[in-house]
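Here the structure is laid out as structure tokens; the discussion comes afterwards.
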Amino acid sequence: MAQSLSIPDHIRWRKVAGEAVIVDQSNAELIVLNTTGCRVWELLAQGLSVADIASCLHQEFEVEQDQAVADVEQCLVSLQELGVVTITGQT
Amino acid sequence: MELNDLVSRTWEENILFNVLLELTYQCNLDCFFCYNDRSLQGKPLGLKRYQELLHELVGMGVLNLILSGGEPLAHPDFWNIGALARELGFVIRIKSNGHALRPDVARRLKDEVAPFIIDISLHGASAAVHDRQTRVPGSFKRLMQNLEGLREQGLRVKLNATLTSWNEHQLDAMHELADNLGLLLQVDPQVTPRDDGDRTPQTIRASDAGLQRLEELLRKRNPQAGPSCDGMESSTGDAKHCGTGSSSLAIDPYGNVYPCVALRRSLGNLHEQSVCDIWHGNPVLEELRGAMREVARQVRVLEKNGNPVRFCPGQAHNLSGNPAQIYPAATQTLSLSIKANQNSRHPG
């Protein structure tokens with residue numbers, strides 16, 4: 001079963017000066033992701049899977065594919081813990 | 001990154017981040033000191049133009065969208081505009097008098113617009129005082145009922161009050177009322193002239209005693225309290241005084257674009273230009289960005305003993321035509337602020 005990534009409705013965001021500015025409307029928390037995190041965020045907002053996001057990072061940031069997958073998964077776990085991403089299903 | 005850091009960055013890098021839409025000057029109340037220029041003429045922006053505008057703002061990276069008025073809910077396309085703003089992912093703030101926010105409307109607002117916060121005007125702690133300012137009998141009673149309904153819907157609400165000679169004797173009572181409702185109350189000490197320059201509203205500006213009482217109360221309730229313009233002013237850096245000309249725009253019902261809701265110097269009109277064209281390379285904005293640095297320098301000199309100056313470039317512009325010109329009320333507030341500080345150190 002593939003993982004399904006989604007951004008909850010109470011999350012609002014924009015890309016500002018290369019960074020993702022994310023507002024959690026439920027608790028008024030502000031989260032800012034740096035360039036790489038912002039790219040992960042943009043791609044998941046487009047509905048891409050973990051594998052596809054990792055492939056993009058592999059190409060754009062010149063990191064090994066395995067490392068890109070590990071980085072994306074770690075990033076997503078952090079975002080899930082912050083409550084700004086919902087992950088359903090398993091890899 | 002903290003909010004203040006983000007705000008400072010938008011100021012420094014001239015990133016448009018906040019846009020206020022005055023959707024209409026129609027209102028279901030008739031506040032004596034309302035700053036709107038209801039005699040302003042023009043062709044109102046239609047729904048299609050608002051839809052285009054919102055898409056343009058998304059493309060420009062604007063996150064914060066403020067729906068204001070008049071009473072924004074009085075606009076015939078309020079629900080369409082609000083729903084689209086939600087769909088496009090804006091953080092929406094609604095500035096309302098609360099009169100129309102009956103429980104069914106509050107429910108619809110939550111379901112269709114999902115605002116981050118609703119700013120609601122409070123004019124007093126009793127019907128006699130509140131209704132005197134709104135000039136609509138029964139408005140206080142209805143507001144209290146509607147606030148309860150908003151709370152039941154779980155909508156985030158903040159109360160805003162303007163200190164006047166008519167309500168200053170209820171300053172403590174208004175804070176007590178807000179506390180009992182579990183709501184934050186922000187009090188603006190300055191009554192501004194109308195946008196057409198009419199100074200009639202200022203005939204009910206607060207007395208020196210009222211202003212001093214406000215300063216004392218703010219210090220008592222929040223010793224770190226400083227100047228505030230919806231939390232987006234001054235304390236976030238020393239390079240510019242505020243985001244006027246750097247990170248914000250205000251747009252009136254007829255498409256006129258201004259640097260700030262308080263600074264009514266037209267930058268262009270949306271019937272003739274896109275907001276993107278107005279924002280980029282605008283000589284007035286360039287001038288204002290320099291002026292905001294000058295204001296910051298002046299305010300730093302005035303802020304002696306850690307006492308904040310409540311200086312609004314918009315008010316300065318309206319009074320003198322120069323947004324960097326320190327006006328009497330700002331320095332008056334400074335002197336009262338120092339007095340209040342001394343009183344808080346030596347009570348009795």
Could you check, for region B:163-176, whether at least one of its residues is within 17 Å of the chain's Cα centre (by Cα) and not in a helix (DSSP H, G or I)? yes
Restrict the check to region B:75-86 and report whether at least one residue is buried (at least 21 other Cβ atoms within 10 Å of the Cβ), farther than 30 Å from residue B:133 by Cα and not acidic (Asp, Glu). yes
Which condition from (1) more than 21 Å from residue B:61 (Cα to Cα); (2) at pLDDT 85 or above; (3) touching a helix residue (DSSP H, G or I) at 6+ places or on another chain (Cβ under 8 Å); (4) small (Gly, Ala, Ser) is the one that residue B:274 breaks? (1)
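For region B:101-113, indicate whether the set of residues that are within 14 Å of another protein chain (Cβ to nearest Cβ) and either in a loop (DSSP other than H, G, I, E, B) or surrounded by 17 or more Cβ atoms within 10 Å (Cβ to Cβ) (or both) is non-empty. Step through it out loud before you land on a result.
Of region B:101-113, the ones within 14 Å of another protein chain (Cβ to nearest Cβ) are B:109-113.
When the remaining residues are screened for being either in a loop (DSSP other than H, G, I, E, B) or surrounded by 17 or more Cβ atoms within 10 Å (Cβ to Cβ) (or both), the result is B:109, B:113.
Among the residues of region B:101-113, at least one is within 14 Å of another protein chain (Cβ to nearest Cβ) and either in a loop (DSSP other than H, G, I, E, B) or surrounded by 17 or more Cβ atoms within 10 Å (Cβ to Cβ) (or both), which makes the answer yes.
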Residue count for region A:20-61, restricted to those that are under 19 Å from residue B:7 (Cβ atoms) and part of a helix (DSSP H, G or I): 1
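Looking at A:48, A:57, A:43, which is the one that is more than 14 Å from chain B (Cβ to nearest Cβ) and under 9 Å from the mean Cα position of the chain (by Cα)?
On the way: A:48 fails: under 9 Å from the mean Cα position of the chain (by Cα); A:57 fails: under 9 Å from the mean Cα position of the chain (by Cα).
That would be A:43, the only listed residue that is more than 14 Å from chain B (Cβ to nearest Cβ) and under 9 Å from the mean Cα position of the chain (by Cα).
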May I ask you to verify whether residue A:21 is within 13 Å of chain B (Cβ to nearest Cβ) and modelled with pLDDT of 95 or more? yes
How many of the residues making up region B:205-233 are at pLDDT 85 or above, of a type in the set (A, V, I, L, M) and surrounded by 18 or more Cβ atoms within 10 Å (Cβ to Cβ)? 4
So the check is Cβ under 7 Å with 6+ separation or different chains; which pairs have a first residue in region B:102-116 that's under 11 Å from residue B:152 (Cα atoms) and a second one that's surrounded by 15 or more Cβ atoms within 10 Å (Cβ to Cβ) and among the charged types (D, E, K, R)? none
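Return yes or no: is residue B:178 over 18 Å from residue B:31 (Cβ atoms), away from every other protein chain (no Cβ under 14 Å) and crowded, with 16+ Cβ neighbours inside 10 Å?
On the way: over 18 Å from residue B:31 (Cβ atoms): yes; away from every other protein chain (no Cβ under 14 Å): yes; crowded, with 16+ Cβ neighbours inside 10 Å: yes.
The answer is yes for residue B:178.
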In region A:33-60, how many residues are closer than 20 Å to residue B:116 by Cβ and surrounded by fewer than 18 Cβ atoms within 10 Å (Cβ to Cβ)? 1
Among the residues of region B:40-65, how many are assigned to a loop (DSSP other than H, G, I, E, B) and either under 21 Å from the mean Cα position of the chain (by Cα) or within 14 Å of chain A (Cβ to nearest Cβ) (or both)? 5
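Search region A:3-18 for residues being within 10 Å of another protein chain (Cβ to nearest Cβ) and touching a residue at least 40 places away in the same chain (Cβ under 8 Å), and hand back the single one that is surrounded by the fewest Cβ atoms within 10 Å (Cβ to Cβ). Write out each step before concluding.
If we filter region A:3-18 for residues that are within 10 Å of another protein chain (Cβ to nearest Cβ), which is where we start, we get A:7, A:9-17.
Right, trim to touching a residue at least 40 places away in the same chain (Cβ under 8 Å) and you get A:7, A:11.
Details: A:7: 18, A:11: 22.
Restricting to residues being within 10 Å of another protein chain (Cβ to nearest Cβ) and touching a residue at least 40 places away in the same chain (Cβ under 8 Å), the top hit is A:7.
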Identify, please: which residue in region A:61-91 is touching an Asp or Glu at 6+ places or on another chain (Cβ under 8 Å) and within 15 Å of residue A:33 (Cα to Cα) and is, among those, surrounded by the most Cβ atoms within 10 Å (Cβ to Cβ)? A:84
Which condition number does residue B:298 fail, the rest of (1) under 26 Å from residue B:5 (Cβ atoms); (2) touching a residue at least 60 places away in the same chain (Cβ under 8 Å) being met? (2)
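Go through region B:8-22 and report how many residues are outside any loop (DSSP other than H, G, I, E, B), charged (D, E, K, R) and within 12 Å of another protein chain (Cβ to nearest Cβ). Outline the logic, then answer.
Applying the first criterion (outside any loop (DSSP other than H, G, I, E, B)) to region B:8-22 yields B:8-12, B:18-22.
Applying the additional criterion that residues be charged (D, E, K, R) yields B:9, B:12, B:22.
Applying the additional criterion that residues be within 12 Å of another protein chain (Cβ to nearest Cβ) yields B:9, B:12.
Qualifying residue count for the region: 2.
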Quick check on region A:72-88. Is at least one of its residues more than 14 Å from chain B (Cβ to nearest Cβ), closer than 24 Å to residue B:65 by Cα and not aromatic (Phe, Trp, Tyr)? yes
On the given criteria, is residue B:140 within 30 Å of residue B:59 (Cα to Cα), buried (at least 17 other Cβ atoms within 10 Å of the Cβ) and modelled with pLDDT of 95 or more? no
Consider residue A:29 carefully, then state whether it is among the charged types (D, E, K, R) and within 13 Å of chain B (Cβ to nearest Cβ). yes
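The values are calculated or read from the model by the stated rules, or taken from the named source; none is laboratory data. Quick caveat: nothing in here was measured; it's all calculated off a predicted structure. Glycine gets a Cβ as well: all are built from the backbone with ideal geometry, and neighbour counts include every protein chain shown.
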